[in-house]
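Right, one structure below, let's go through it.
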Amino acid sequence: MSGKRFSVFLSMSGCKRRCVYCDQRAITGEVPPSPERIMEDITSSGVKFEEICFFGGSFTCLPVAIQDSYLKIARDLSIPTRMSTHPMCIDEETLLRLSSYPISMIELGISSLDDKILEQCRRGYTGEEALRSMKLILDHRYELCAQLMIGLPGQTCRSSIEDLHRLAELKGPRSMTLRIYPCLVLEGTRLHEMMEEGYSPLSLDEAVSWGGKMLQEAHRMGFHVQRIGLSETPSLALAVRGGPHHPALGEMIRGYSMAQTLIRQSRLGPWQIPANRISYLTGHGELGLKTLAKEADLSVQETKKRIFVCPTVVD
Ligand code: SF4
């Protein structure tokens, strides 16, 4: 969906516990607005919104009356709506109740499917429980987005790739969307203490290669990757104490992933790049281009000569 979205940040509303890395107020700098305020903001804006998004909390863990008061806005204004929520607040009854509203997608904060990592992060479920919730959502024919993270305590790139395999097996031929977020250390979180006790957050380079490998694998398995990296906000920048914090992390990861894909297609080129993708190679200090040159064992100059931009535009 490319139209305008109206995003509502719920700032941990509904969350039954606080995950070790989380401080949504630091990420968004916002407190949750009331349903009346949202209605007023949407109707007075004069904008034809194509989607309302409830992010940053555990939507379906909220009391039903509160969920309904938010969702009634979507129904009254006939605007498709998505929400992010916690895997332990998904069941048959909830999904049946949601079916009377125009739900465009349910996003589940999964983070990882590895039980040890989930426990360390205080997520409150096992990998199997997360998979069960996702299966229920897909079986009820909702669009599903799984939010995954990289660089969590105890996590490796290999465990991320294994997660993708388990998700691919679950989805089969059905569609599934992914978001991939880096684990950042925010001031005042339990993770901040864990960093002082020995947890080592990812460097930017590590995040780029980890994310790049994941992205390549995700595309190969037929996932749609909607977003990589967090939205940059002034409050996030102020709160970060460690980890791969960079406003263009997503683009850098896409550049790395593209370089790997091109090498797979042809070890030494020539390489044809769609016009709307060339910035993945040339942006951010030519990181993608340098990765391609390194993998091909060529100079950057020589690599450039072997790249041809084609006018095709791809999604
Ligand atoms: S469930 Fe999500 S919003 Fe709630 S504390 Fe954990 S990471 Fe934060």
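The values are calculated or read from the model by the stated rules, or taken from the named source; none is laboratory data. Keep in mind it's a predicted model, so treat the numbers as computed, not measured. Because the Cβ atoms are built from the backbone with ideal geometry, glycine has one as well, and the counts that use them run over all protein chains shown. Quick note on the areas: whole protein, heavy atoms, side chains included, nothing else; ligands and nucleic acids left out. Shrake-Rupley method; radii C 1.70, N 1.55, O 1.52, S 1.80 Å.
Answer rounded, prolate or oblate for region 80-174, using the Cα gyration tensor with square roots of eigenvalues a ≥ b ≥ c: rounded when a/c is under 1.5, else prolate when a/b is larger than b/c, else oblate. It is prolate, given that a/c is not under 1.5 and a/b is the larger ratio.
A simple spin-label model places the labels of residue 97 and residue 7 2.7 nm from each other, with each point 7 Å out along Cα-to-Cβ. Taking a ≥ b ≥ c as the square roots of the eigenvalues of the alpha carbon gyration tensor, region 261-310 is oblate, as a/c is not under 1.5 and a/b does not beat b/c. Atom-type composition of the exposed protein surface of region 261-310 places 52 percent of the accessible area on carbon and sulfur (1.4 angstrom probe).
Among rounded, prolate and oblate, which fits the chain when a ≥ b ≥ c are the square roots of the eigenvalues of its C-alpha gyration tensor, a/c under 1.5 means rounded, and a/b larger than b/c means prolate? Taking the square roots of the gyration eigenvalues as a ≥ b ≥ c, the chain is prolate. The mean sequence distance of close C-alpha pairs (under 8 Å, at least 6 residues apart), as a share of the length of region 261-310, puts its relative contact order at 49 percent. Here residue 306 sits with roughly 70 square angstrom of accessible surface, probe radius 1.4 Å.
On a per residue basis, the chain carries 47 Å² of accessible surface, using protein heavy atoms and a 1.4 Å probe.
How large is the charge dipole for region 5-247, taken about the Cα centre, if only the Cβ atoms of Lys, Arg (+1) and Asp, Glu (-1) carry charge, to the nearest 20 debye? Dipole about the Cα centre, nearest 20: 300 debye.
Projecting the Cα positions of 108, 88, 34 onto the charge dipole of the chain (unit charges on Cβ atoms of Lys, Arg, Asp and Glu, taken about the Cα centre) puts 108 furthest along the positive direction.
Of all the options 162, 93, 251, the one that moves most in a Gaussian network model of the chain with Cα springs shorter than 10 angstrom is 93. Label sites at residue 286 and residue 232, each approximated as a point 7 angstrom past Cα along Cα to Cβ, lie 2.2 nm apart.
Applying 1/(1 + (r/R0)^6) with r as the Cβ-Cβ distance of residue 50 and residue 196 and R0 = 45 angstrom yields a FRET efficiency of 0.50. Sites listed here are trypsin sites (Lys or Arg not before Pro) in region 159-202 whose DSSP assignment is loop and whose Cβ has at most 16 other Cβ atoms within 10 Å: 174.
Largest mean-square fluctuation among 229, 288, 188, in a Gaussian network model of the chain whose springs join Cα atoms under 10 Å apart, belongs to 188. Between residue 205 and residue 309, the modelled label-to-label distance comes to 2.9 nm, taking each label 7 Å out from Cα in the direction of the beta carbon. Segment residue 268..residue 116, full-extension length gain: 50.6 nm, with 0.36 nm per residue of separation and the alpha-carbon distance subtracted. Within the straight-line cut-off of under 16 Å between alpha carbons, none of the lysines are reachable from residue 72, sequence neighbours fewer than 8 places apart in one chain being disregarded. Measuring from each cysteine beta-carbon in the chain, the ones with no other cysteine beta-carbon under 4.7 angstrom are 15, 53, 121, 145, 157, 183, 310. List the aspartates and glutamates whose Cα sits under 20 Å from the Cα of residue 213, skipping any in the same chain fewer than 8 residues away. Within the straight-line cut-off, residue 213 pairs with 114, 162, 163, 169, 205, 251, 286, 295, 297, 315.
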